[in-house]
1. Along the principal axes of its C-alpha atoms, what lengths does the range 309-417 span, in descending order and rounded to whole Å?
2. Most mobile of 41, 95, 315 per a Gaussian network model of the chain (Cα springs, under 10 Å)?
3. Starting from the alpha-carbon convex hull of the range 164-311, give the projected area averaged over all orientations, in nm².
4. Residue 137 to residue 18: extension gain in nm, 0.36 nm per residue of separation minus the Cα-Cα distance?
5. Roughly how many nanometres apart are two label points built 7 Å out from the Cα toward the Cβ at residue 255 and residue 401?
6. List the trypsin sites (Lys or Arg not before Pro) within the range 221-319 that fall in a DSSP loop (any state other than H, G, I, E or B) and whose Cβ has at most 14 other Cβ atoms within 10 Å.
7. Once you have all Cα-Cα distances for the range 45-128, histogram them in 5 Å bins from zero and send the whole-percent values.
8. Return the long-range amide H neighbours of residue 406 (sequence gap of 5 or more, or a different chain), with a cut-off of under 5 Å between placed amide H atoms.
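Read-outs: derived from the displayed coordinates by stated rules, not from any lab. What you are looking at is a predicted structure, and each value in this text was computed from that prediction instead of being measured. Because the Cβ atoms are built from the backbone with ideal geometry, glycine has one as well, and the counts that use them run over all protein chains shown.
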Amino acid sequence: MSTQEPVLQRSRRLTASTRMVLLLAVGLLINYVDRGNLATAAPLIQDQLHLSHTQLGYLLSAFYFSYVAAMAPVGWVAERYGAHRILGVGLAIWALATMLTGFATGFVSLLLLRLLLGLGESAGFPCSSKLIATAVEPASLGTANGVIAFGYLIGPALGTLVGGLLMSSFGWRPVFVLFGILSALWLWPWSRVKIEPVARAAANVTEGPAFGEILRQRGLWGASLGHFASNYTLYFILSWLPEYLMKERGFSMQTMAGVAGIAYLVNAVAALLGGRGADAWIRSGRSASTIYKFMMAVSHLASIAVMAGMALLSARGSVISLFIYEIFLGASSPGIFAIPQIMAGPAAAGRWVGVQNTCGNVAGILAPAITGITIDATGSFSSAFGVASLVNVLGLVGWLVVLPRVAPLRWNFMRAH
């Protein structure tokens with residue numbers, strides 16, 4: 001009996017952690033569907049409400065003002081009051097904001113609802129990283145983050161494809177109301193999830209470090225710079241791809257939805273495979289640090305090239321470049337959160353990711369607004385693609401130069417010395 005008990009406990013814990021990871025993936029899928037709906041509806045909203053590109057850029061950026069401002073505080077609140085509970089509250093807020101967007105009457109009301117949406121969605125990544133660092137075995141972090149990334153990256157695929165088709169038939173207002181109601185349904189299965197912590201090596205199981213200790217870590221700032229560069233290109237694409245394909249390349253709403261939806265699906269599948277591949281390479285004896293740094297570097301190098309390709313090539317070449325970008329971005333996505341989860345551990349993952357995601361999502365403020373201003377100033381997307389290409393150089397510096405070896409930090413040891 002005693003020899004069987006650990007096996008049974010481990011099996012039960014694996015089942016609980018798998019259920020948790022799958023629901024987190026669905027929650028972040030909803031997160032990205034709801035934040036991306038405005039970009040999908042942008043051509044319709046812009047014409048109906050008579051908005052300039054600059055105004056549209058401000059609306060696309062507004063989400064990230066509250067999202068970024070709330071990120072680090074939410075990480076602290078999640079560690080203090082429970083990431084499970086805080087994530088549920090956050091989703092309820094953003095579902096309400098999505099639904100009410102269907103009733104917006106102009107620029108100001110859209111702006112306020114985007115700020116409310118950002119506040120609610122700020123709970124997503126700090127809470128999920130805290131929960132994964134707590135309840136997932138270290139050897140499975142790549143796979144868990146691959147599943148999570150599949151969720152949040154397939155969100156734009158489903159949101160753009162389904163949302164675009166529905167909006168072309170019924171208009172944008174009913175779609176926002178429908179998506180807000182569907183989002184809230186996630187709260188019922190989430191309320192039934194139980195979090196079961198896994199055992200950790202003593203070196204990284206400690207009383208949580210002070211916030212100042214976390215902020216002094218070079219790894220935090222290297223990961224934050226890399227995250228910013230990755231997100232700049234990502235949010236540039238998510239925010240402006242529908243507008244680019246329809247207004248610059250002449251695609252219909254249906255064609256745009258199909259191309260963008262399939263591209264985002266490719267991104268999500270690449271993330272799932274990338275996470276599993278990273279775990280397999282690490283199990284074969286390769287260093288987690290080498291694997292994750294290599295994946296991040298290759299993604300940024302590819303992004304430099306394909307942003308230029310999207311701007312300069314024919315419509316066919318531009319779409320091919322988009323798909324290449326999505327493959328490399330997806331494969332590297334698990335590393336963005338696996339790296340802080342490995343280094344910070346459960347004692348600090350919520351606050352670390354709160355700070356890292358704050359820095360990373362400053363790109364969400366800058367990319368949409370800079371793009372809108374650039375388009376109004378130049379009359380084309382070419383300069384915007386050039387800026388997105390160059391920002392990836394910062395990613396190479398962050399992941400390869402500033403970030404030290406990816407390994408668990410010994411918080412107690414550093415405190416003692």
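1. Cα spread of the range 309-417 along its principal axes, largest to smallest: 58, 27, 22 Å.
2. 315
3. Computing the convex hull of the Cα atoms and averaging its projections yields 13.6 nm².
4. Values: separation 119, 0.36 × 119 = 42.84 nm, distance 1.08 nm.
Here the segment from residue 137 to residue 18 would lengthen by 41.8 nm.
5. Computed distance between label sites residue 255 and residue 401 equals 4.3 nm.
6. Numbers: sites: 247, 249, 276, 283, 286, 293, 316; in loops: 249, 286.
When the trypsin sites (Lys or Arg not before Pro) of the range 221-319 are filtered for loop state and at most 14 Cβ neighbours within 10 Å, 286 remain.
7. 3, 16, 23, 21, 15, 10, 7, 4, 1, 0
8. Sorted by chain and number, the residues that satisfy this are 289.
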